[in-house]
């Protein structure tokens with residue numbers, strides 16, 4: 001889960017990002033769009049500071065080293081995937097270079113209209129559940145899946161759930177006064193014991209939660225933020241069922257996807273692990289994160 005943080009930070013020598021910097025970068029490297037007004041997108045996410053540039057463009061500047069490389073990844077792969085997907089996705093227009101003291105590559109993309117999806121609006125929407133299932137079926141079936149021969153490397157490989165074992169058990173211990181530690185442990189053990197994905201790897205969004213969905217007129221319109229795009233076990237994308245949907249709509253979603261028991265259990269494990277990680281890091285200081293992750297964890301326990 002991606003978390004909303006403050007726009008500027010000097011902690012750990014992170015660059016200070018403001019509208020003046022964004023305007024200078026755009027003016028120097030994309031002069032055809034120089035002078036267009038910039039408006040900060042707030043809230044954005046924990047990986048990028050985002051400015052709307054004019055009416056049709058978005059500037060995305062990584063906040064920290066962990067987000068470096070996402071711009072090139074989206075520019076390379078999203079144009080190949082977008083025509084195959086039933087919901088809109090960001091259309092990258094270019095990658096900017098470090099300059100003016102800003103140390104990393106950044107990106108320029110088409111602006112996508114819409115409001116952030118919320119459980120209050122969509123948790124019991126069969127239409128939204130079906131639309132997300134259709135989107136994931138299209139994404140998971142899209143070809144070609146990247147391979148090492150294409151230069152994909154390990155950065156596009158979805159890691160196995162087991163790599164989260166130690167931090168998840170530590171988070172369970174830290175939150176035992178908030179959530180049912182016994183139930184969380186049972187779910188986590190079951191997720192790790194579930195048979196692994198034994199079919200060819202598929203495309204995965206990798207960070208599919210409500211903050212990365214847009215709605216227009218009450219319906220899903222777009223999926224954004226493909227910074228964790230990769231290939232592997234599609235269970236990681238089932239997290240959206242527990243961040244957004246009611247139990248009734250989860251049943252619709254699961255049936256439309258045709259998810260087997262093992263993959264569903266691993267998906268519940270992904271929802272638990274990512275929810276606990278975000279909760280322990282940010283819930284005390286961010287009410288939105290507290291609400292979202294509490295829902296994610298409790299719904300994962302329900303199944």
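A count restricted to segment 224-253 and to residues that are surrounded by fewer than 21 Cβ atoms within 10 Å (Cβ to Cβ) and on the phi > 0 side of the Ramachandran plot stands at 1. Scoring residue 256 on the criteria (1) within 22 Å of residue 117 (Cα to Cα); (2) out of contact with any helix residue (DSSP H, G or I) (no Cβ under 6 Å at 6 or more places or on another chain); (3) surrounded by fewer than 20 Cβ atoms within 10 Å (Cβ to Cβ) leaves a single failure, condition (2).
State the number of residues belonging to segment 86-121 that are touching a strand residue (DSSP E or B) at 6+ places or on another chain (Cβ under 8 Å) and free of Cβ contacts under 8 Å to residues at least 24 places away in the same chain.
Total satisfying the criteria: 2.
Put simply, of 46, 6 the only residue that is outside the structural domain of residue 294 (by TED's automatic domain parsing), at pLDDT below 85 and in contact with a helix residue (DSSP H, G or I) (Cβ under 9 Å, 6 or more places away or on another chain) is 46.
Of the residues making up segment 207-233, those that are modelled with pLDDT of 95 or more, in contact with a helix residue (DSSP H, G or I) (Cβ under 6 Å, 6 or more places away or on another chain) and farther than 19 Å from residue 82 by Cβ number 0.
Can you say whether residue 215 is surrounded by 18 or more Cβ atoms within 10 Å (Cβ to Cβ), assigned to a helix (DSSP H, G or I) and under 19 Å from the mean Cα position of the chain (by Cα), as far as the supplied structure shows?
It is false that residue 215 is surrounded by 18 or more Cβ atoms within 10 Å (Cβ to Cβ), assigned to a helix (DSSP H, G or I) and under 19 Å from the mean Cα position of the chain (by Cα).
Output yes when any residue across segment 167-188 is surrounded by fewer than 16 Cβ atoms within 10 Å (Cβ to Cβ), closer than 27 Å to residue 283 by Cβ and under 22 Å from the mean Cα position of the chain (by Cα), and no when none is. Checked against the condition, which is being surrounded by fewer than 16 Cβ atoms within 10 Å (Cβ to Cβ), closer than 27 Å to residue 283 by Cβ and under 22 Å from the mean Cα position of the chain (by Cα), segment 167-188 yields at least one hit. For residue 73, indicate whether it is outside any loop (DSSP other than H, G, I, E, B), touching a helix residue (DSSP H, G or I) at 6+ places or on another chain (Cβ under 9 Å) and surrounded by fewer than 16 Cβ atoms within 10 Å (Cβ to Cβ). Judged against the criteria, residue 73 is not a match.
Somewhere in segment 273-291, is a residue more than 19 Å from the chain's Cα centre (by Cα), outside any helix (DSSP H, G or I) and at pLDDT 95 or above? Checking segment 273-291: not a single residue is more than 19 Å from the chain's Cα centre (by Cα), outside any helix (DSSP H, G or I) and at pLDDT 95 or above.
The values are calculated or read from the model by the stated rules, or taken from the named source; none is laboratory data. Please read these numbers as outputs of a predicted model, since none were measured by experiment. As a convention, Cβ positions derive from the backbone with ideal geometry for all residues, glycine included, and neighbour counts pool all protein chains shown.
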